[in-house]
1. Which residue, 113, 152, 166, has the largest displacement toward the positive end of the dipole of region 73-174 when charges sit on each Cβ (Lys, Arg +1; Asp, Glu -1)?
2. Short version: what are the Cα gyration tensor semi-axes of region 14-246, square root of 5 times each eigenvalue, largest first, in whole Å?
3. For a quick check: sort 161, 49 by the number of other beta carbons within 10 angstrom, fewest at the front.
4. Please identify every one of the trypsin sites (Lys or Arg not before Pro) in region 202-253 that sits in a loop by DSSP and has no more than 11 other beta carbons within 10 Å of its own beta carbon.
5. Take the alpha carbon atoms of region 74-147, find their center, do the same for region 179-252, and report the distance between the two centers in whole angstrom.
6. What number, in percent, do you get for the relative contact order of region 14-246 if the mean sequence gap of Cα pairs under 8 Å and at least 6 apart is divided by its residue count?
7. Antiparallel versus total DSSP beta bridges in region 14-246: what percent is that, nearest 5?
8. Rounded to a whole number of µm²/s, how large is the Stokes-Einstein D of region 166-218 at 4 °C and 1.567 mPa s, given Rh as the Kirkwood radius over C-alpha pairs?
Amino acid sequence: MATRQRRILTCPHGSAERATRGSLQIVDAEAASATDVQRLSGGTSTSEIHDAALSSARPQLYLTWIDIGAGTGDVLRHINEAWSPSGLVAVDVLPWLASDLQEDVELHIGDPVSIAGGLAAADRVLLVETLEHVEAPWTLLRMSARLVKPGGILVVTTPNIVTLRHRLDLLARAELTSFRPKEPQHLTPVLPHVAELIMRQEGLMQGPRGYAGRDIVPFTGGRRWPGRLAEFSRPMLNISLVMAAQRPSVPRP
């Protein structure tokens, strides 16, 4: 597949031009632009989260895909190599898409809510670790749900705020682990029941919740939970919540 790359530059901040992924120059998050602050995310997430998102999307050959918050494009690269998509669209506030993907991916740079309103519907729509970074997460989720074709699937992953670490931090510091002041790129915790309500309101059928990415064991200096234990207690010991919802092939009466 070879689709001509298209860029929509709607967020050209001068300060953003001075910051690069290799040498981030943001010192004061309050003084930096919103786009600069999002550079702290690095434009990617873990392979465990990517794998869980793709599994929930139930990929098939020749589908069309939209990845909102695509970052460097790691998920789209895997789709492009394994599933021969008929169309790949990436949306992000920053031009992070890797150079090897730029001939195969239609890239839109700017406000994701504004961009989503102008995109054609797709078979699969991904919001992988995205909603927590935007100022209007519920609007973006609603717009993303409307992009799902009949029979298509929307996949959302976002920080899991019911982990053991979150509970201990809330008790000890009155803070959520993923939304501490030192994490200014994370703006809004996503409440699962609210996200699921919005997807149902937009005509999608919700699947069971999933979890991915083993969390750090508290007070161990970075050691992660053993795989079997993390699998046994997934909501408590995994960092990412995974939600998938499908639009029925035949509209419900």
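What follows is calculated from the coordinates using simple rules that are stated; it is not laboratory data. These figures come from a predicted structure and were not determined experimentally. Cβ coordinates were reconstructed from backbone atoms using ideal geometry, including for glycine residues, and neighbour counts include every protein chain displayed.
1. 166
2. 26, 23, 17
3. 161, 49
4. Sparse-neighbourhood loop trypsin sites (Lys or Arg not before Pro): 223.
5. The two parts, judged by their Cα centres, are 19 Å apart.
6. 18 percent
7. Rounded to the nearest five, the antiparallel share is 45 percent.
8. 96 µm²/s
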